Structures are given as C-alpha cells and as structure tokens.
Amino acid sequence: MTTSVPRELEAVDAVFAAEQAVQRARRVVEEFQEVVTSALRVLDDAELDSAKSRLSDRGGFYLEAAAEHLGRLQTRCNELPNLATELDTHLGRAAVAVDEARDRLSQVDTSDPALAADVEQLQPRVAILGEVVNLARPIAQLASDHVESARQASREVTAPGLLEPQTLERSLRAAGSQLDRADEDVRLLETVVERAASQAHQSVGIATEISDNARARMDAHRDHPGGHPGSHSPAAGGLSR
C-alpha cells in the first residue's frame with residue numbers, strides 16, 4: 001500500500017531545493033565578481049602601458065605590452081560564459097523549485113491551526129524569494145552581455161594594429177566601458193542574490209518546523225491509528241516570532 005506524501009512535506013522539499021540552488025548561484029556570483037575584478041586590473045595595466053607609449057621613446061615596446069594585456073583580458077573574459085551559463089542554470093532551478101513550493105503550499109490542508117499559521121507565514125516568504133530570483137536572471141544576462149562586448153573590443157587589436165595607437169586606444173575605451181557596466185551589473189546581482197539567500201534561509205527555517213510537525217503527526221497516527229488527534233498532537237508549531 002502506497003502512502004501519499006502530505007502536500008506540506010512536498011512544499012518543504014521544494015523550499016529546500018530552492019535554497020540549495022540559490023546558495024550555488026551565490027557562489028557562482030562571487031566567482032563571477034572575482035573574474036570581472038581581475039579583468040579590470042588587467043585593463044588598468046593595459047591603459048598604463050598605453051599611456052607610457054605616448055610619453056616614452058620606447059613607444060613600440062609599450063604598445064606591444066598593452067596589446068599583450070588585452071590578450072590577457074580576453075583570457076579573463078573567456079572564463080565568464082561558462083560561469084554565466086552555470087549561474088542561469090542554478091537560478092532556473094531555484095525558480096522551478098519556488099513555483100513548486102508555491103503550488104504545494106496552496107494545496108495544504110490547513111485545518112490544523114498550527115500548520116495553517118506556519119503555511120501563512122511561509123507563503124509570502126516563498127513569493128518574495130520567487131520575485132528576487134526572477135529579478136536576478138536578467139541582471140546576470142546583462143553582465144554576461146557586457147563582458148562579451150568587452151571581449152570583442154579587446155580582440156580588435158591584432159599585430160598590424162600595434163602600428164596604430166588609435167586602434168589600441170579605441171579598444172581600451174570600448175573594453176573599459178563594457179567592463180565598468182559589467183562590474184556594476186555584478187555588484188547589483190550580488191545584492192539581489194544576497195537578498196534571495198536571506199529569504200531562502202528564512203523560508204527553510206519555517207519549512208523545517210513544518211516538516212518536523214508533519215512527521216510528528218504521521219508518527220502519532222502510525223502509533224495510534226484509531227486515536228483522537230488531540231491526544232497526540234505534536235509540539236506547538238510556529239517559529240518564535
């Protein structure tokens with residue numbers, strides 16, 4: 001005989017899955033920021049050598065050094081598409097889990113007052129979590145787009161281009177503009193994902209208590225299948241608020 005899983009436990013599992021996905025996204029955002037910061041440092045080196053090329057009688061040497069920095073910049077930017085894909089995957093999983101949690105919570109039997117109170121507290125948390133996760137995805141895409149534009153700008157410098165400082169300057173300006181935008185995007189993304197992580201953590205706290213109380217009711221029912229529910233009710237639900 002198959003025993004159906006209570007909707008509240010299905011909702012709890014979905015909340016846990018959402019929290020795990022958000023935490024993974026959070027770690028990817030941190031790595032994304034580290035790469036963007038590193039790319040900006042490389043760009044600073046390139047701009048410094050470019051400036052030296054205009055002031056030194058060794059202009060060709062410094063132009064070549066600046067172009068090499070742009071090659072390093074490409075390497076940094078090449079690391080980001082995979083991170084962007086991984087980030088979108090985690091955020092997508094979080095969004096799916098949140099939708100499942102909201103659906104299951106809407107189907108919970110709330111005849112038990114303690115359970116009803118916990119569900120009422122959890123539902124808005126999950127709703128906010130979903131909104132924040134959905135906000136993070138387009139911001140992540142913007143950051144990825146700006147990094148790709150910076151990478152394309154850095155590729156404009158080829159060996160013949162070393163003879164034309166204007167080409168280098170144009171590439172530096174374009175790459176710098178796009179990386180600055182990417183940096184702004186990632187900083188905003190960090191704030192949004194931190195908010196999502198906070199909401200997920202709070203949701204897990206409530207979900208854990210719902211799970212504990214639901215399992216206590218199930219155990220009590222197995223121990224006393226014909227007993228009165230009131231004689232073996234679990235510890236009072238609801239986090240201290």
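The values are calculated or read from the model by the stated rules, or taken from the named source; none is laboratory data. Keep in mind the model is a prediction, meaning the values are calculated, not measured. Because the Cβ atoms are built from the backbone with ideal geometry, glycine has one as well, and the counts that use them run over all protein chains shown. For accessibility, only protein heavy atoms count, side chains too; no ligands or nucleic acids. Shrake-Rupley method; radii C 1.70, N 1.55, O 1.52, S 1.80 Å.
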Could you grab the pairs with beta carbons closer than 6 Å, sequence gap of 6+ or different chains, first residue in the stretch 28-39 and touching a residue at least 12 places away in the same chain (Cβ under 8 Å), second one among the small types (Gly, Ala, Ser)?
Val36/Ala182
Candidate set from the stretch 125-184 (those that are modelled with pLDDT of 90 or more and of a type in the set (Val, Ile, Thr)); member that is nearest to Glu100 (Cα to Cα):
Val126
Near pairs, Cβ below 7 angstrom, 6+ apart or cross-chain, from the stretch 108-129 (over 30 Å from Thr191 (Cβ atoms)) to any residue that is at pLDDT below 90 and outside any helix (DSSP H, G or I):
Ala114/Ala236; Ala114/Gly237; Ala114/Gly238; Leu115/Gly237; Ala116/Thr110; Ala117/Gly237; Ala117/Gly238
Within the stretch 105-151, take every residue that is open to solvent by 60 Å² or more (accessible area, probe 1.4 Å) and of a type in the set (D, E, K, R) and give me the one that is farthest from Ala17 (Cα to Cα).
Glu148
Take the conditions at pLDDT 85 or above and open to solvent by 40 Å² or more (accessible area, probe 1.4 Å) and apply them to Asp88. Does it pass?
yes
One residue is enough: does the stretch 116-123 have a residue meeting the conditions within 16 Å of Ser171 (Cα to Cα) and among the aliphatic types (A, V, I, L, M)?
no
Criterion: touching a Lys or Arg at 6+ places or on another chain (Cβ under 7 Å), at pLDDT 95 or above and of a type in the set (Gly, Ala, Ser) - qualifying residue of Ala95, Ala21
Ala21
Read through the list (1) more than 23 Å from Cys77 (Cβ to Cβ); (2) open to solvent by less than 50 Å² (accessible area, probe 1.4 Å); (3) out of contact with any Ser or Thr (no Cβ under 7 Å at 6 or more places or on another chain); (4) touching a residue at least 12 places away in the same chain (Cβ under 8 Å), then give the number of the only condition that Ser56 fails.
(4)
With the structure loaded, tell me whether Ala14 is in a helix (DSSP H, G or I) and buried (at least 21 other Cβ atoms within 10 Å of the Cβ) or whether it fails that test.
yes
